[in-house]
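Notes follow the structure.
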Amino acid sequence: MEQELSNELFICGGCNAKIGPGVLGDLLSQFPKQENPNFLVGFDSSDDAAVFRIDAETAMIQTLDFFPAMVADASLFGEIAAANALSDVFAMGGEVLTAMNIVCWPETKSTDTLGKILAGGFKKVQEAGGVLVGGHSIHDPQPKYGLSVLGRVHPDRIYRNDTCVPGDVLLLTKPLGTGIITTAYSAGEMAQEAFNQAVVSMTTLNRYAAEVLKKYTIHSCTDITGFGLLGHLSEMVSNRCSATVYADSVPCLSGAYQGAKEFLITAGGQRNRNHLEADVDFQIDDYALEEILFDPQTSGGLLVSVPVEEAAALLAEIEALGLPCGIIGEVTEKDAKKIIVVH
């Protein structure tokens with residue numbers, strides 16, 4: 001995959017730039033719970049987006065996401081950032097209606113490069129079935145890009161990120177490792193082929209997997225982004241359940257494991273580890289795989305909690321989409337640890 005490289009973009013990690021979950025949780029806990037009968041999903045549950053009911057048939061999904069570049073190709077950065085922002089709507093079971101650009105751009109840098117970023121984002125909004133309706137831009141020393149997205153869902157068919165049920169099977173629709181790979185690649189320590197695989201994963205919309213999910217009983221769903229697989233799984237089991245992760249069944253991008261073995265890891269991954277270490281019991285002796293499970297993902301896949309009797313059929317349909325995926329664990333009754341990782 002040939003990249004159209006730009007010296008206008010300083011590589012700074014995509015979702016690796018997110019503020020850690022512990023800090024965010026402390027900040028948001030200071031706000032009082034908002035009471036409104038039509039406010040169905042808000043930040044108090046750490047869900048992927050907000051949902052507000054319009055009437056008995058329609059609820060609006062509202063989300064936004066933006067970050068610094070994690071690739072040096074401007075149009076590719078636009079595609080990845082847009083796919084990442086659009087993902088929240090699909091993770092809630094909705095369809096994309098409109099999107100607005102969020103742009104931070106230095107006065108000293110070329111607007112030609114910015115135009116390529118915006119073109120990449122526009123491409124993904126169209127592919128998602130949405131309409132790009134405008135946006136907002138400011139001057140900023142560090143280039144950043146993303147989207148504010150509006151979606152639609154039936155109020156009775158919202159996917160929540162914390163409503164899994166003991167006995168459910170956990171299915172992941174994309175492989176892990178994008179944070180490790182893009183960080184190592186920007187430092188010249190990752191093979192081109194591994195980077196290309198990560199690009200394919202990051203630019204693939206979760207729209208296609210989400211359309212398959214509508215045929216099945218979905219107890220819970222979230223997308224894997226800056227808090228890594230274990231961080232988002234921790235939110236999924238909440239304080240009601242626990243989960244067992246089958247380490248050998250977790251799909252990983254080529255190059256990620258070797259990169260982790262060579263300590264080509266991310267600051268975001270270490271923040272995730274520090275926040276979650278008391279909640280996770282690793283019954284494996286594999287530091288590299290631990291790092292992959294903590295690795296911040298940019299435009300990662302959907303983590304889905306489904307009844308065991310539907311899991312095999314769902315997996316077969318997701319596999320047909322062409323990306324590595326897998327049944328990676330199960331939801332269990334509440335245990336001393338929120339997550340147990342086994343072989």
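The values are calculated or read from the model by the stated rules, or taken from the named source; none is laboratory data. These numbers were taken from a predicted model, which means no experiment stands behind them. FYI the Cβ positions are ideal-geometry reconstructions off the backbone, even for glycines, and counts take in every protein chain you see. We work out accessible area using only protein heavy atoms, side chains counted, and drop any ligands, DNA or RNA first. Shrake-Rupley method; radii C 1.70, N 1.55, O 1.52, S 1.80 Å.
Check region 249-268 and report whether any residue there is within 14 Å of the chain's Cα centre (by Cα) and either small (Gly, Ala, Ser) or open to solvent by 40 Å² or more (accessible area, probe 1.4 Å) (or both). So far as region 249-268 goes, yes, one or more of its residues are within 14 Å of the chain's Cα centre (by Cα) and either small (Gly, Ala, Ser) or open to solvent by 40 Å² or more (accessible area, probe 1.4 Å) (or both). Exactly one residue out of Glu211, Glu189, Glu193 is over 19 Å from the mean Cα position of the chain (by Cα) and assigned to a helix (DSSP H, G or I): that is Glu193.
If you go through region 254-271 and pick out every residue that is free of Cβ contacts under 8 Å to residues at least 40 places away in the same chain and either of a type outside the set (D, E, K, R) or in contact with a strand residue (DSSP E or B) (Cβ under 7 Å, 6 or more places away or on another chain) (or both), you end up with 3.
Report yes if some residue within region 96-111 is outside any loop (DSSP other than H, G, I, E, B) and more than 22 Å from the chain's Cα centre (by Cα); otherwise report no.
Pass one, region 96-111, residues outside any loop (DSSP other than H, G, I, E, B): 96-105, 111.
Subsequent filtering for residues that are more than 22 Å from the chain's Cα centre (by Cα) retains 105, 111.
Taking every residue of region 96-111 in turn, at least one turns out to be outside any loop (DSSP other than H, G, I, E, B) and more than 22 Å from the chain's Cα centre (by Cα).
How many residues, within region 141-156, are out of contact with any Lys or Arg (no Cβ under 8 Å at 6 or more places or on another chain), farther than 18 Å from Asn84 by Cα and either modelled with pLDDT of 95 or more or buried (at least 17 other Cβ atoms within 10 Å of the Cβ) (or both)? Qualifying residue count for the region: 3.
Checking each residue of region 77-95 against the condition of being crowded, with 21+ Cβ neighbours inside 10 Å and either modelled with pLDDT under 95 or more than 30 Å from Arg157 (Cβ to Cβ) (or both) gives at least one match.
Being surrounded by fewer than 19 Cβ atoms within 10 Å (Cβ to Cβ) and free of Cβ contacts under 8 Å to residues at least 60 places away in the same chain is the filter here; which residues of region 107-123 pass it? Glu107, Thr108, Thr111, Asp112, Gly115, Ala119, Phe122, Lys123, listed by residue number. Taken as a whole, the condition of being open to solvent by 20 Å² or more (accessible area, probe 1.4 Å), over 28 Å from Ala267 (Cα atoms) and either touching a residue at least 12 places away in the same chain (Cβ under 8 Å) or in contact with a helix residue (DSSP H, G or I) (Cβ under 9 Å, 6 or more places away or on another chain) (or both) does not apply to Glu193. Considering region 315-343, the residues that are over 23 Å from Gly228 (Cβ atoms) and touching a residue at least 60 places away in the same chain (Cβ under 8 Å) include one that is most open to solvent (accessible area, probe 1.4 Å), namely Glu333.
Being among the hydrophobic types (A, V, I, L, M, F, W, C) and open to solvent by 10 Å² or more (accessible area, probe 1.4 Å) is a property that does not hold for Ala288.
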